[in-house]
Amino acid sequence: MIRNEAEYQEAVRRLADEQKRLKVQRAKLGELDLSQEEIKRVLDPIKSFHEQLKEEVASYERLQRGEFEELQNFEGLGRLLIALRISKGITQRDLAERLGVHESQVSRDERNEYRSVTVERANRILEGLGAEVTTRVSSTGGPFPSGKRDRVSA
């Protein structure tokens with residue numbers, strides 16, 4: 001996951017380099033009198049890496065536009081916190097200052113995608129980002145106890 005503008009710029013540069021490399025490699029392989037299947041077999045790993053990098057760049061660009069994936073059962077909460085920071089144009093340094101921690105702490109937390117973040121800490125981060133998360137609870141089985149409605153907003 002691309003987490004900041006510097007990583008994004010580096011990924012865009014690498015993407016362009018990989019595109020050129022792929023084109024050169026394809027031309028060289030074409031000169032070797034290989035079958036299309038052999039050329040495909042050689043190029044597939046390069047194409048796979050290229051497509052993965054392309055998706056990471058596209059994902060970062062979606063986050064910059066404020067387009068987020070839906071959160072289910074708090075899976076991906078860490079990625080959502082990172083996405084919110086990116087979409088608001090807040091750097092890791094800015095967030096660290098807002099939280100009163102060192103920038104390396106935010107960097108480390110994001111690298112680990114806030115895996116063991118507590119609810120209280122997630123709330124502080126949301127406040128630091130000037131964001132709020134709204135939840136909707138729905139039953140996956142039978143009715144809620146005491147005749148409560150099937151959908152509850154929190």
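For P(r) over Cα pairs in 5 Å bins from 0, in percent, the listed values are (i) 2, 9, 17, 19, 18, 11, 6, 4, 4, 3, 3, 2, 1, 1, 0, 0; (ii) 1, 8, 14, 15, 12, 11, 9, 8, 8, 6, 4, 2, 1, 0, 0; (iii) 2, 10, 20, 24, 23, 13, 5, 2, 1, 0, 0, 0; which was obtained by calculation from the structure presented? Checking each listed value against the structure points to (ii). A simple spin-label model places pseudo-atoms 7 Å from Cα toward Cβ; at Gln25 and Glu10 they are separated by 2.1 nm.
Other residues lying with their Cβ under 13 Å from the Cβ of Tyr114 contribute a combined charge of +3, Lys and Arg counting +1, Asp and Glu -1.
The ranking of Val137, Val12 from fewest to most other beta carbons within 10 Å of each one's beta carbon is Val137, Val12.
Since every read-out is calculated from the coordinates, none of them should be taken as a lab result. In this text, all values refer to a predicted model and were calculated from it rather than measured experimentally. No Cβ is skipped: glycine too gets one built from the backbone with ideal geometry, and neighbour counts run over all protein chains shown.
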